[in-house]
1. Does residue A:313 satisfy the criteria of being aliphatic (A, V, I, L, M) and part of a loop (DSSP other than H, G, I, E, B)?
2. Please identify the pairs in which a residue from region A:93-122 that is free of Cβ contacts under 8 Å to residues at least 40 places away in the same chain has its Cβ atom under 6 Å from the Cβ atom of a residue that is polar (S, T, N, Q), counting only partners at least 6 apart or on another chain.
3. Just one of B:141, B:148, B:137, B:130 is without any contact (Cβ under 8 Å) to a residue 24 or more places away in the chain and touching a Phe, Trp or Tyr at 6+ places or on another chain (Cβ under 7 Å); which is it?
4. Looking at region A:85-98, which of its residues are within 15 Å of residue A:110 (Cβ to Cβ) and either crowded, with 24+ Cβ neighbours inside 10 Å or not β-branched (Val, Ile, Thr) (or both)?
5. Considering only region A:379-387, I want to know if a residue exists there that is more than 24 Å from residue A:223 (Cβ to Cβ), in contact (Cβ under 8 Å) with a residue 12 or more places away in the chain, part of a helix (DSSP H, G or I) and within 11 Å of chain B (Cβ to nearest Cβ).
6. Of the conditions (1) among the β-branched types (Val, Ile, Thr); (2) surrounded by 24 or more Cβ atoms within 10 Å (Cβ to Cβ); (3) closer than 18 Å to residue A:298 by Cβ, residue A:67 clears all except one; give me its number.
7. Kindly provide the set of residues from region A:163-184 that are crowded, with 21+ Cβ neighbours inside 10 Å and of a type outside the set (A, V, I, L, M), ordered by number.
8. Within region A:109-117, can one find any residue that is surrounded by fewer than 24 Cβ atoms within 10 Å (Cβ to Cβ), closer than 16 Å to residue A:295 by Cα and of a type in the set (A, V, I, L, M, F, W, C)?
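The values are calculated or read from the model by the stated rules, or taken from the named source; none is laboratory data. If you're wondering where the values come from, they're calculated on a predicted model, not measured in any experiment. Virtual Cβ from ideal backbone geometry, glycine too; neighbours counted across all protein chains shown.
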Amino acid sequence: MDSFALLLQGFTVAMQPMNILWVTIGGVLGTIVGMLPGLGPATGVAILLPLTFTMGPVAALITMCGVYYGAMYGGSRSSILINTPGDGAAIAATFDGYPMSQTGRAEAALAISAIASFFGGTVATIIMVFVAVPVSRFALHFGPMQYFLLYVFALSATASMCEGNRIKGFISMIIGLMISTVGIDPQSGVNRFTFGLLELQGGIDFLIVIIAIFALGEVLKSFKNISDGKKKMQTKFGKIWISKEEWKRCIWPIIRSSPFGFLVGVLPGAGGTIASLMSYNNEKQLSKHPEEFGKGAIEGVAAPEAANNAASVGALIPMLALGVPGSGTTAVMMGALMMLGLQPGPTLFQQQTDIVWGLIASMFIGNIILAFLNIPMAGLLVRVLAVPPKILYPIVLGLTFIGTYAISYATFDFFILLIFGVLGYFLAKAKFPTSPLVLAVIVGTSMEQSFRRAYKVSDGNLLVFAKSPLCIILLILTIGSILLPVISPIAKSWKNSVMEKIAARKRAK
Amino acid sequence: MNISLLSALVVELIGFIYTFSALTLPSATIGRSYEPKIFPALLGICLLILGGVLIIQEILAIKKKTKEENSDNNMKFGDSEKKIAITVLNGVVYALLFNPIGYVFSTILFLMVELLTFGGKKALKKSIIIAVLFSAIAYLIFDVGLGIYLPKSFLGIF
C-alpha cells in the first residue's frame, strides 16, 4: 500500500469520535501546561502520561500528540501576553509578540501565532507522509553496528548543540547512559549497580527519570524566581483575528519558515528553539522593515511560530522511523511509546501500520482542533495564566507523584523521583543541560545491546564500527557534530579578520 | 566553594566510583565473562576524562574572573534552597504515609505543606481548600475514572 492509502486508513482510525475527543482533551491540557512558565512540551507529556496508562495504544498516542501540540501552542500564549515563554521554542515569540500585546495588538499576535503554528504543523505533517516510509525502509538495512553509531551520533549532536559548555553536555549524556546500566544485565543476568536493592534489579524506569528531571526539577527551580502573585496581563479581548494587510506581511515568512523548521527539526539536537530563532533571524534579514523587528513586527511572530511547530513534527521522524529521538520532548514521546509495548523504529511502520498512520492522521486533526481552540477560545484559555504560580506549581507536584505511582504502583519510586528531581535541579544550577541525560537514559539500553551484538558478531574487533560505508558516514557525522560548534566561531572570526584586512588594504590604496 | 568547580569535582568522583564498580562487577557465567563490564567501563573512563577536562576549564575560569564574579557563583543555602529541602523532606514523608493512610489523606497533607511553602502561612484556609479539592478530584479521575488503583485509607472508602 502506498503512503496515501495508508494515510486514508489512518484517518478512519483518527476520525473515531473517541479519538477526536482524546486529541481535544490532550490539546487543551497540553495548552494549559505549555502556558506555565518553564513547563514546555516535554514536561507536559511527562506529567500527563498517567492519563493514558489505561488507554489502548492508538488512543494513548493520539492523546500524547495532542498534549505535545497543545504545549507548543500554549508556550507562545504566555510569551505574547506576559513575556514569559513556556519553553525554549517559544522564546522567539516574546521578541515581537509581547511588544504587540503592549501596544494593543494582542489579538493579532495571538491569532497569527495560532495560524502560523497551524500552517507550520500541517505543512510538516504533509512532508512527513512522504518522507517517513522511505526513511524507515532505508533503516531496515541497519545492523547493530549502524544502530550503535546512529545512537552515538544522535546523542553527541544533542550534547554538542546544547547551550553553554559542550563538555557539560557530554557529561550529562554519559550520566544518562550510566543510569541506563543499573539493573540486571538482560544478556548475562549479572546484577549491575543495584547496591543489593531488590527494587533496582529491574532497572531505573526512564519514565520516572523523565518526570523527575522535567517536572519535579522544574518545580524545584521555580522556587528561585517564583513571583508573589499573578502577572498583569490583558484578560479581555476583541476579535482574535488579523487584517488583510497583516496577512499579506506574514504569508511568505510562514511559507518559508515551515519547510525550514521541518528540516531543522529532523536533525538531532537542533529542535524547535534553534528552528524558531534561526527563522526569526532569516526573516529579519529578508524583511523590508528590519527596524520594526523587536518592536512588534507581526512577521516576527509568524515565522518562528511556523518554524517551531514544523520542527516539532520533523523531530518525530527520526524517533518514529529510526527509533532514535533527537530532542528531550521526542525522547519523552518515545518513552510513552515504549511504555505501551511498542518499539519505535523501522519495523513499527511495517507491523503497526494502523497505529503509525492513525497517529499521523491525528496530527492533521489535532492541528485543526488546536487552531480552533487557540483562536476563538484563546480568551478563555489564557485565563489559566491569571492563576498564581504558587498554586499551579504545587498542583504540578501532586501530578508528578501520582504519575510516578501509576507507573509501577510502588512508593519506592517516590524516592527515585526525589533523587533525580534534586539531581535535575543541581545539574541545571551548575549549568549542565538535562536533555542529553534524558535522551541517553531512554536509548541507553538499546545502545548497549547494539554495541554488544556488534562486538559479538565481530568477535571482539572494534574496527567493525568503521567497516561499512554507512558506518563511516555516521562516524564522520558524529565527529562533524562535535567539531562544528568549535569550528564555526573560529571560521567566522577568521573570515572577519580576512575581510578587515582586505578593507584595510583597499583603504590604503 | 564555587559551584562550577564543585560540580566538576563531583563528576570526577562519580567517574572514579562508577569505573571502579564497573571493573569489579561479577563475571558473566554465559558467553565472555567480561562482557557485562565493557560498556559501563567505557562510560566510566569517558566520564573520568570529561570530568578532568572540566576541572581544568573551571580552574582556568576562576583565575580569569575577578573576586566578585567568583563569589557570585558560590554555593549558598538561601531561601529557595530551604524550600527545596522542605519539598524533598515532604516528599519522603509522603512516600512513607502514602500506603498506610491512603492516597487522599496523604496527598492533602503533602499538598498543604507545599502550598504553604510556595504561598506562605497567610494562605492557610485557601491551601486547605485547594489541597482537599485536588486530592478528591485526582482520586476520582485516576482511581474511579481511569482505573489506576490508589491506596485507600483506614476508612476503606478513599
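1. Numbers: aliphatic (A, V, I, L, M): yes; part of a loop (DSSP other than H, G, I, E, B): no.
Criteria not met by residue A:313.
2. If the second residue must be polar (S, T, N, Q), the pairs left are A:94/A:79; A:94/A:83; A:98/A:83.
3. Numbers: B:141 fails: touching a Phe, Trp or Tyr at 6+ places or on another chain (Cβ under 7 Å); B:137 fails: touching a Phe, Trp or Tyr at 6+ places or on another chain (Cβ under 7 Å); B:130 fails: touching a Phe, Trp or Tyr at 6+ places or on another chain (Cβ under 7 Å).
Exactly one residue qualifies, and that residue is B:148.
4. Result: A:85, A:86, A:90, A:93, A:96, A:97, A:98.
5. No, there is no match, as no residue in region A:379-387 is more than 24 Å from residue A:223 (Cβ to Cβ), in contact (Cβ under 8 Å) with a residue 12 or more places away in the chain, part of a helix (DSSP H, G or I) and within 11 Å of chain B (Cβ to nearest Cβ).
6. Status for residue A:67: all satisfied but (3).
7. A:168, A:169, A:170, A:172, A:176, A:180, A:181 - these are the residues of region A:163-184 that are crowded, with 21+ Cβ neighbours inside 10 Å and of a type outside the set (A, V, I, L, M).
8. No, because not a single residue in region A:109-117 is surrounded by fewer than 24 Cβ atoms within 10 Å (Cβ to Cβ), closer than 16 Å to residue A:295 by Cα and of a type in the set (A, V, I, L, M, F, W, C).
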